[in-house]
Amino acid sequence: MKALLKGGRVIDPSKGIDGHRDVAIEEGIVTQIDRDLVVPDETQVIEVPSSCVICPGFIDPHVHLREPGQEHKETVATGSAAAVVGGFTAVACMPNTNPINDNAGVTEFILKKASEADLARVYPIGAVSIGSNGEQLAEIAELKSAGCVAISDDGRPVATALLMRRAQEYANMFGMAVIDHCEVHSLSGDGVVNEGHQAALAGLHGIPSAAEEIMVERDVTLAGVTGAAVHIAHLSSAGSLRAVASGKERKIRVTCEVTPHHFTLTDESVASYDTNFKMKPPLQESEDQQALIQGLKDGTVDMIATDHAPHHHDEKSMEFDRAPFGIVGLETAVSLTLDRLVHTGVIGLSRLVELMAANPARVLGVVGGTIEVGAPADLTILAPDLSVTVRASAFRSKSKNTPFDGWKLHGGVAGTIVGGRSVFINGDVSGMDTFKVLRRDG
Amino acid sequence: MSDRFDSEVRSVRETGAINRDSSLEGGRRLRSRHLLSISDLSVDEIFLILDTAEAMKEVGGRAIKKVPTLRGRTVANLFFEPSTRTRMSFEIAEKRLSADTLGITVATSSIVKGETLTDTVLNLEAIAPDMIVLRHWASGAGHLLSRVCKSGIINAGDGMHEHPTQALLDAFTIREHKGCIAGLKVAIIGDLAHSRVMRSNVLLLKKLGAEVCLCGPSTLMPSGVEAFGVASTTSVDEAVRDADVIMLLRIQLERMQGGFVPSLREYFKLFGMTSKRLSLAKPEVIVMHPGPLNRGVEITSEVADGPHSVILEQVANGVAVRMAALYLVAGASENS
Amino acid sequence: MDGDRMVKTLLRTSHEIVERNRGLDGLALIGIRTRGVPIAARLAHYVQEITGSLIPMGALDITLYRDDLMRQTVAPQPVVRRTEIPFSIDDRQILLVDDVLYTGRTIRSALDALIDLGRPRAIQLVVLVDRGHRELPIRADYVGKNIPTSLDESVQVRLMEIDGMDEVTVERGDSS
């Protein structure tokens, strides 16, 4: 089918575009982007509502889809559904499933489930070590050819400096980054919140920020030695940010991501003992939060990732010490980013697109991040002035473990288009009905 | 006119008693239907509990140590951690108020997983206890419970977080000896990092205007200790100098296994309360300990059994304070 | 009743007590908190002036024995004060003292409390005011003044020791 998105404001920083453009799509591929395009024959014309902004499809580089093995929390299908509602056209999923994604079989299984769901694109991240047990390298070449886009032992850190070095050297051959969950276990111990005043008052075991910072320094130094690409997952503290900045200054190939909960919340939240404030790395103090926000602005932080970690209600309804770490994030990320970063003037929409589309695409080496003639039409339609009330009970994700339930936010997702097909249309945004015509032919 | 009851009369005036033709005099109530932490209590509420405990103490002095106040009420003592003295204390307090007590010990821990806390309590709700006295190994367990459960909850110790009735009975004991708590110098010595007794006491003493000094080895000093806003030192002599009250906390064997102190012997050398160290304090100093004692570790027998020690009084006062807590929480629960 | 009247009334009551109890042996006054206490104190004082003998005095807090304790949903929870009876009540003739006798429930609580404290030989009741409307079979042995009231009125007793003045007034409006 042929379609023309008419009159919308398009933001594509990779091409230096921020203004009104028409976008022509044919058979799911972008064919033209320009002002005042002539309408070809048999084209469905879609009037883009003036309240909407068209961006390259957002890519979340860090989610947990829980399938295979923990389907009670989430499946590839429900996770992809949550992703598109959240405005994401693609997600990269971590290998800490059961069994671990350390071989082609599991990778192919995940890809199969994703194509059955036929919603967001799913890019599996393979394990660094077999079973993610930190001993022996996984068969990374096999993982790459099966479809993995990066490697990580997320959930755990890459266990030793030697393993990290070997992983970097090896993965570099295939142009893949090593993504590290930086946590020195001997320091974090049985900690459940950030070590500091709040932990002292609440009587909870603390995790010192140093547990993250030390490993970030390790990984950056090694990347300097190997010349490979290392990506720091869910970076949370000012100290870690300094290490990344210093690495970048020395032209080391280090990148990092920050989650919306880390730039929105601080460890003051733990006073309520609500386990929806329990995650790793833990919420930090406000100085760290401020440093992260500054980093998002000045480029030290490369991308926003959700670390979407679904957990069943029963598992989270436990004593704070016992409850599992993690919260969902796919369906709140865009609204939080618009509300807390864009509307407060910290960043503009162009920078938002860099953080949520361009940079993730580049670091993961996947298609997207820009609206390219000849490339699949993956688009995120934003409604920056939409009033959104977060309603966990309405989440498409199987799990509702979010600290943001009931929050009123300024800004949301109007629609999500994957391969020229509308996979999500927000009924609360007037004028979006017209996008319904975008469907697969046949 | 007899002047023996002057102080009572004056106190009625001071509380702004309203003229009524019943004996209902300017009543006060706890604001929350749970007693979970000192941090939630106002100074007013703390005094309410202490004043009520004074009246309750008298009941313990009678031949018939019973009043019908909580007759027909059921109190469940739900203990997820072993405890003899706190349990005993609550049980006696409940029986003195004529309540029906239900003692439940649950053998789970962070390692041994059994029925969840939530499920245990929901099962308990079938018997509808009016109040639950909860001791648990996880900080914040009481908060979790208060979200799922209809009964009034009294925190008898949650993980490392708080032990409010202990701090209240400590304050009660101090008041009996020193009259007023404001301005007193109180030294708290021992394993501060893991102590819920420390947290509750620091919060309470600070609210009442005492000058608190925390003392212990650096490895057992809670990180983020500045959050409490009190002085801290690793020198026991400095902490004890001119102290009016010395509170000693128990050192547990596990602390050595965790690498916090090299040996109990060394701990005793540096921090143990001996008569010699005690002489640095004010002459009328009182020595307190929540129990059970490790003689020869945090305290010598000489001091524990000596004239400055009020350790056994603490135990007796514990019953009165817990009676007050039960009475007031029962009244607060009824209100909501 | 004004201050003057109150003094006269209590004096008269003290005389009555002396007359009806030949020999003050084993007599003791126990005031019910809060306003029963200063009244009991005054009676003890007047009896001493009349006879030269000092009758032992105590204060009884009946809060823990009330039958309406946990049923109030609006009023504040009553404050519990100390009971102070520095003598054994076994075998004594106890004169229970209160300011106003109304439904009789306070007195019932006081009787329960006394019985837990010992075994008196006998208990008599002294009240400053009887306002009627008994809900239990309780009667006073010595009444300062009978003041019939309606249910929507309340009797307010103010005493110098507590309120700074002596008076008894009847006011519109239910106090409970």
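Structure summary
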quantity: Top-ranked residue of segment A:289-326 - restricted to ones that are in contact with a Pro (Cβ under 6 Å, 6 or more places away or on another chain) and aliphatic (A, V, I, L, M), ranked as farthest from A:PRO403 (Cα to Cα); calculated: A:MET303
quantity: So C:ASP163, is it without any contact (Cβ under 8 Å) to a residue 12 or more places away in the chain and acidic (Asp, Glu); calculated: yes
quantity: Set B:LEU326, B:LEU270, B:LEU248: member being modelled with pLDDT of 90 or more and closer than 21 Å to B:ALA93 by Cβ; calculated: B:LEU326
quantity: Close pairs from segment B:56-77: first facing chain C (nearest Cβ under 9 Å) and free of Cβ contacts under 8 Å to residues at least 12 places away in the same chain, partner small (Gly, Ala, Ser) and surrounded by fewer than 24 Cβ atoms within 10 Å (Cβ to Cβ), Cβ under 8 Å, at least 6 apart; calculated: B:ALA63/C:GLY118
quantity: Residue that is farthest from the other protein chains (Cβ to nearest Cβ), among those in segment B:224-235 that are surrounded by fewer than 20 Cβ atoms within 10 Å (Cβ to Cβ) and in contact (Cβ under 8 Å) with a residue 12 or more places away in the chain; calculated: B:SER235
quantity: Hits in segment C:141-173 - residues which are of a type in the set (A, V, I, L, M, F, W, C), surrounded by fewer than 20 Cβ atoms within 10 Å (Cβ to Cβ) and within 30 Å of C:ASP25 (Cβ to Cβ); calculated: C:VAL143
quantity: Index of the failed condition, C:TYR65 passing every other in (1) touching a Leu at 6+ places or on another chain (Cβ under 8 Å); (2) of a type in the set (Ser, Thr, Tyr); (3) within 14 Å of chain B (Cβ to nearest Cβ); calculated: (1)
quantity: Filter pass, B:MET323 being in the same structural domain as B:LEU36 (by TED's automatic domain parsing) and crowded, with 18+ Cβ neighbours inside 10 Å; calculated: yes
quantity: Residue, surrounded by the most Cβ atoms within 10 Å (Cβ to Cβ), within segment C:118-140, restricted to residues that are within 14 Å of chain B (Cβ to nearest Cβ) and under 16 Å from C:GLY36 (Cβ atoms); calculated: C:LEU128
quantity: Unique residue being in contact with a Gly (Cβ under 8 Å, 6 or more places away or on another chain) and of a type in the set (Asp, Glu) when the list is B:GLU298, B:GLU302, B:GLU284; calculated: B:GLU298
quantity: Residue satisfying all of: in segment A:1-51; assigned to a loop (DSSP other than H, G, I, E, B) and hydrophobic (A, V, I, L, M, F, W, C); surrounded by the fewest Cβ atoms within 10 Å (Cβ to Cβ) among these; calculated: A:VAL38
quantity: Qualifying residue in segment B:190-207 (condition: away from every other protein chain (no Cβ under 14 Å) and within 14 Å of B:LEU248 (Cβ to Cβ)); calculated: yes
quantity: Qualifying residue in segment A:24-45 (condition: polar (S, T, N, Q) and either closer than 22 Å to A:VAL390 by Cβ or free of Cβ contacts under 8 Å to residues at least 40 places away in the same chain (or both)); calculated: no
quantity: Single residue of segment B:145-157 satisfying the filter (without any contact (Cβ under 8 Å) to a residue 40 or more places away in the chain and within 12 Å of chain A (Cβ to nearest Cβ)) that is nearest to B:MET323 (Cα to Cα); calculated: B:LEU145
quantity: Hits in segment A:164-200 (condition: closer than 13 Å to A:ILE140 by Cα and of a type outside the set (Lys, Arg)); calculated: A:ALA167, A:GLN168, A:GLU169, A:TYR170, A:ALA171, A:ASN172, A:MET173, A:PHE174, A:GLY175, A:MET176, A:ALA177, A:VAL178
quantity: From C:ALA44, C:ALA40, C:ALA59, residue being under 12 Å from the mean Cα position of the chain (by Cα) and without any contact (Cβ under 8 Å) to a residue 40 or more places away in the chain; calculated: C:ALA59
quantity: Residue list for segment C:91-117, restricted to those being assigned to a loop (DSSP other than H, G, I, E, B) and at the interface with chain B (Cβ under 10 Å from one of its Cβ atoms); calculated: C:TYR102, C:THR103
quantity: Tally of residues being of a type in the set (Phe, Trp, Tyr) and more than 17 Å from A:GLY206 (Cβ to Cβ) across segment A:243-282; calculated: 1
quantity: Per-region count, segment B:191-220, residues part of a loop (DSSP other than H, G, I, E, B), within 14 Å of A:ALA200 (Cα to Cα) and touching a strand residue (DSSP E or B) at 6+ places or on another chain (Cβ under 6 Å); calculated: 1
quantity: Test result for A:HIS343, touching a residue at least 60 places away in the same chain (Cβ under 8 Å), within 14 Å of chain B (Cβ to nearest Cβ) and not β-branched (Val, Ile, Thr); calculated: no
quantity: Only one of B:LEU280, B:LEU220, B:LEU293 that is touching a Lys or Arg at 6+ places or on another chain (Cβ under 8 Å), within 14 Å of another protein chain (Cβ to nearest Cβ) and in contact (Cβ under 8 Å) with a residue 40 or more places away in the chain; calculated: B:LEU220
quantity: Residues of segment B:34-45 classified as surrounded by fewer than 20 Cβ atoms within 10 Å (Cβ to Cβ), more than 13 Å from chain A (Cβ to nearest Cβ) and not acidic (Asp, Glu), total; calculated: 2
quantity: Test result for A:ARG156, outside any loop (DSSP other than H, G, I, E, B) and basic (Lys, Arg); calculated: no
quantity: Test: residue in segment C:119-137 that is over 16 Å from the mean Cα position of the chain (by Cα) and touching a residue at least 60 places away in the same chain (Cβ under 8 Å); calculated: yes
quantity: Residue pairs meeting the criteria (Cβ under 9 Å; at least 6 apart or on separate chains; first touching a residue at least 60 places away in the same chain (Cβ under 8 Å), in segment A:233-250; second among the basic types (Lys, Arg) and crowded, with 17+ Cβ neighbours inside 10 Å); calculated: A:HIS234/A:LYS280
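The values are calculated or read from the model by the stated rules, or taken from the named source; none is laboratory data. Since this is a predicted model, take the numbers as computed values, not measurements. Virtual Cβ from ideal backbone geometry, glycine too; neighbours counted across all protein chains shown.
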